[in-house]
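The values are calculated or read from the model by the stated rules, or taken from the named source; none is laboratory data. Note that this is a predicted model, so its numbers are computed, not measured. Neighbour counts are summed over all protein chains in view; Cβ atoms, including those assigned to glycine, are modelled from backbone coordinates with ideal geometry.
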There are 2 protein chains.
Amino acid sequence: MQNIKVFIWGFGAMGRGMAEMLLTKKGVEIVGVCDIHPDLVGKDFKTALDIKTDHPEVIIEQDVDKLLANVKPDIALLCTDSFVAGAFPKIKKVVEHKIDCISTAEEMAYPSANAPELAKKIDSLAKQHGVTVLGTGINPGFIMDLLVVALSGVMSDVSHIEAKRVNSLSPFGPVVMHEQGVGISLEAYESRTASHDLAGHVGFKESVMMIADALGVKLDGFEQQMKPIVTTIDRKSKYGEAKKGTLAGINMTGQGLVDGKVFIDMFHPQQIEPEMEGTHTGDYIKLTGTPAVNMAIQPEVDGGIGTIAMCVNMIPHVLNARPGLKTMIDLPVPRAILGDMRDLLEDA
Amino acid sequence: MQNIKVFIWGFGAMGRGMAEMLLTKKGVEIVGVCDIHPDLVGKDFKTALDIKTDHPEVIIEQDVDKLLANVKPDIALLCTDSFVAGAFPKIKKVVEHKIDCISTAEEMAYPSANAPELAKKIDSLAKQHGVTVLGTGINPGFIMDLLVVALSGVMSDVSHIEAKRVNSLSPFGPVVMHEQGVGISLEAYESRTASHDLAGHVGFKESVMMIADALGVKLDGFEQQMKPIVTTIDRKSKYGEAKKGTLAGINMTGQGLVDGKVFIDMFHPQQIEPEMEGTHTGDYIKLTGTPAVNMAIQPEVDGGIGTIAMCVNMIPHVLNARPGLKTMIDLPVPRAILGDMRDLLEDA
C-alpha cells in the first residue's frame, strides 16, 4: 500500500508543526506545501524547518493551481484562516480536486454556527466530489466541546454544563501578544475593541452549538463577552510584557441559553504569567446532572501542539469517513497514532 | 417516524436502570423484557419497577423465543453476563433475528482480548444478518480505555500511559459485597482466590488491548495482579462491613508491556468507605509524552449509573453503524441524549 499523501496549505506555526509531526510518523508523506511568504517560496520544506531527514524534497510553492496540477494528495491540511469565509475558497479548490480536507480555522470546527450557508455549500460540494471536510483543533474542536460531549455520555441526564479553559499565553510569540492585547493600556483596549481589532478567543459559538446539537438541546440564545485582564503587578514573558495597570490578557466568557437561562457556561481567560497573581492554569469541565462529572486537566493541554496533533491524528478518520462536511461529533474519537498510519484505514 | 423499539434481556440492576432511564427519553419505547427470575416473570415491567407512567404494558417473559416471535425490536440491550462465552449464545439469537445488540458484558467491550474466536464469529454473524453488535459500559468501555484514547488525540507522541480508577463500593448491594470479598478474612481471601471464586475487576485486558490497538502499539505482554485491601480500622457501609484486619475490598493492577517494559499501567482499587483511611476516590489518567496530559475526575464517575447511561446513550450510534462487531473506538463519541433519540439517527 502506498503512503498516505499529505498537502499542507499554509506554512506558519501550525503548518510547520504538522510537517514536523508528520516526519516522525510511519505510512505517510508530504507531497506538497503551499505558502506565499517570500522567505519560504522555492525552498525545500525541510530546509525551511531546518530538519535533515531522508524524506523526499518538496519545494514550497506559492501557486496552488500549479502545485495541484503536479501532485495528487489524499488529504489537505489547511492552516490558513480563522473564519469560514476566508477558508471557503481554499476548501472549494481542494474539494474540486477530489482531495479530503482538514481545516484549522476555528469557525470550521462547527461552521453552521456562524456560517450556515457556506457550511451547506461545503457539504454539498464535498458530497458532489466524493470527499470529506473536517474542521478541528484543540479549542474549538476538543477541550471545550468534544470532551464535554464525551463526558456527558456517562450521564442519564444533564441540567447544566460549565467549561473553563484557563491558559497561559507566555509560550506564544509576538503575533499572539499583539492579537491578545498583552501590555496595552485600558484606553488602547477600548479603542481596539471598538474597531474590532482585538480577536480574543474565536470559537465559543462553535463549541456551544456543537454541544447543544450533540445532546439534542434547542438553544434559544447565545451570548459572549470580552473583558480585559488588568495586571496589578509587572509581568514579563519571553515575547510579552505587561506593566502594572496594563493588560496581561483577555477574559472571554460565553453562554448558551435554554428557556432564557444559562445551560452552557464558558470561561476562557488567556494571559501571560497567570501564576504571578495566583491563577492556576487548567482545563475544567463541570457537568451537573445524573451523575455529576467534575473533570480537571492540570496544567491545561498545550494549545499549539494540541491543535497540530488533533489535525494530524484525525487524518485516518477523515479518509475513512463518508463524503460530506463532518464535525468532531460525527467521527470516532481522536487518538495518538504511534504505529503505521495506514493501519487505521478501513478497507474501502 | 416510529419510536425506536428496545428489547431488554436481563432485568437485574443494569436492565432495570436502563428501563427507568428509557422511560424518561423521547422517541424510544420498550417492546420486550426477558428475565427468568420467578418474582419477575408475568409482571408488567413497570409494576416490577414500581413506576407509574403511560408507557404501554410489557409483560416480562421468560421464553426469549416466544418473545421474539411476537415483537420486532430495533435493538437489544443484553444485561446478563460478564464473559463473552456466556453472552455469545444470546448475542447469536438476537443477531439471527436481525436485531442490533448492545451488551454490558465486560469482556464484550473488547472481545478480541479474551475471546478472539468468538469475536470473529460475532462479527461474521452480524455482517451476515446486516446488524451491529457493541459491548460497552463505564469500565471497561469508557473511563480506563475510551477516555484514555480520546485524550491521547491531543498528543503528537505518547511514551507512557497510566490509568487509575479509585472507587468506593459503599453504594453497592450484597451481591457486590460478596463478589469483592468485603469483610472476609485473609485466609478466606486466599482460599477463594485459589478456587477462582473472587472476580475482582473484569476488564483490564479489554481496556489495555483497546488502547494499544487504537494507538497502533504492538504489545508483547499483558499481566494483572489481585491484592487484598486489608483495613486497619472497622469500616461499615449500608450493605458491607469490614472489621479491622479483614478485607475492605480488592486492589487490581494490570500492565500492557512494550519491549518488555510497562507502557500501559492500570490501577483499580475498590473498597468500602475508602475515605476512612484517607483514600480519595476519583478517576485519574496520566499520559506522558508531547504534551503531557494529567486528568482527574473527582469523585469517580458512578459505575452503576455510568454503565446504564453508556448503554442507552450508544443506541443511536449502534443503529447508525455499518454491520459487524464494533467497539467504542469505532463509533462516534457517546453523549447524553436530552432531545428525541430519533433526531440522532442518520438517514438510511
Taking B:D81 as the residue in question, decide whether it is touching a helix residue (DSSP H, G or I) at 6+ places or on another chain (Cβ under 8 Å), closer than 26 Å to B:L147 by Cα and at pLDDT below 95. yes
Extreme residue, nearest to B:A336 (Cα to Cα), among residues of region A:310-321 that are within 9 Å of another protein chain (Cβ to nearest Cβ) and either in contact with a strand residue (DSSP E or B) (Cβ under 8 Å, 6 or more places away or on another chain) or free of Cβ contacts under 8 Å to residues at least 12 places away in the same chain (or both): A:M314
How many residues, within region B:326-344, are within 15 Å of B:K5 (Cα to Cα) and either surrounded by 20 or more Cβ atoms within 10 Å (Cβ to Cβ) or without any contact (Cβ under 8 Å) to a residue 40 or more places away in the chain (or both)? 2
In region A:94-138, the residues that are in contact (Cβ under 8 Å) with a residue 60 or more places away in the chain and of a type in the set (D, E): A:D100, A:E106, A:E107, A:D123
Those residues of region B:288-298 which are more than 7 Å from chain A (Cβ to nearest Cβ) and without any contact (Cβ under 8 Å) to a residue 60 or more places away in the chain, in sequence order: B:A292
Please determine whether any residue of region B:189-203 is surrounded by 24 or more Cβ atoms within 10 Å (Cβ to Cβ) and among the polar types (S, T, N, Q). no
Residue list for region B:188-205, filter: in contact with an Asp or Glu (Cβ under 6 Å, 6 or more places away or on another chain) and of a type outside the set (A, V, I, L, M): B:G203
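This table checks each residue for (1) over 23 Å from the mean Cα position of the chain (by Cα); (2) farther than 29 Å from B:I297 by Cβ; (3) not assigned by TED's automatic domain parsing to the domain that holds B:E29.
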| position | (1), (2), (3) |
| --- | --- |
| B:P56 | yes, yes, no |
| B:D63 | yes, yes, no |
| B:L68 | yes, yes, no |
| B:A87 | no, no, no |
| B:I99 | no, yes, no |
| B:T104 | no, no, no |
| B:Y110 | no, no, no |
| B:A115 | no, yes, no |
| B:D123 | no, yes, no |
Anything in region B:235-253 that is out of contact with any Ser or Thr (no Cβ under 8 Å at 6 or more places or on another chain), assigned to a strand (DSSP E or B) and either under 23 Å from B:S191 (Cβ atoms) or touching a residue at least 60 places away in the same chain (Cβ under 8 Å) (or both)? List them, or say none. B:R235, B:E241, B:G249, B:I250, B:N251, B:M252, B:T253
Could you tell me whether any residue of region B:207-215 is closer than 25 Å to B:A296 by Cα, surrounded by 24 or more Cβ atoms within 10 Å (Cβ to Cβ) and among the charged types (D, E, K, R)? no
Check on B:R235, away from chain A (no Cβ under 14 Å) and buried (at least 19 other Cβ atoms within 10 Å of the Cβ): yes
For B:G141, are the conditions met, namely being touching a residue at least 12 places away in the same chain (Cβ under 8 Å), at positive phi, buried (at least 24 other Cβ atoms within 10 Å of the Cβ) and not aliphatic (A, V, I, L, M)? yes
List the pairs whose first member sits in region A:258-282 and is assigned by TED's automatic domain parsing to the domain that holds A:T246, whose second member is buried (at least 20 other Cβ atoms within 10 Å of the Cβ) and charged (D, E, K, R), and whose Cβ atoms are under 7 Å apart, counting only residues at least 6 apart or on separate chains? A:H268/A:R165; A:I272/A:R235; A:E273/A:R235; A:M276/A:R235; A:T281/A:E300; A:G282/A:E300
From A:D302, A:D283, grab the single residue that is over 30 Å from A:E96 (Cα atoms), in contact with a Pro (Cβ under 6 Å, 6 or more places away or on another chain) and within 14 Å of chain B (Cβ to nearest Cβ). A:D302
Check on A:F11, in the same structural domain as A:A321 (by TED's automatic domain parsing) and assigned to a loop (DSSP other than H, G, I, E, B): yes
Subset of region A:185-234, residues in a helix (DSSP H, G or I) and free of Cβ contacts under 8 Å to residues at least 60 places away in the same chain, comes to A:E187, A:A188, A:Y189, A:E190, A:S191, A:R192, A:T193, A:A194, A:A212
Find all pairs meeting these conditions: Cβ atoms under 6 angstrom apart; at least six residues apart or on different chains; first residue within region A:18-47 and in the same structural domain as A:I8 (by TED's automatic domain parsing); second residue basic (K, R) and assigned to a strand (DSSP E or B). A:V31/A:K5
Taking region A:305-325 as the region of interest, how many residues are of a type in the set (G, A, S) and crowded, with 22+ Cβ neighbours inside 10 Å? 2
Among residues of region B:259-280, those that are crowded, with 16+ Cβ neighbours inside 10 Å and within 14 Å of chain A (Cβ to nearest Cβ), counted: 2
Tell me, please, whether a residue that is more than 20 Å from the chain's Cα centre (by Cα), at the interface with chain B (Cβ under 7 Å from one of its Cβ atoms) and modelled with pLDDT of 95 or more can be found in region A:330-339. yes
Of the residues B:D302, B:D347, which is surrounded by fewer than 24 Cβ atoms within 10 Å (Cβ to Cβ) and without any contact (Cβ under 8 Å) to a residue 60 or more places away in the chain? B:D347
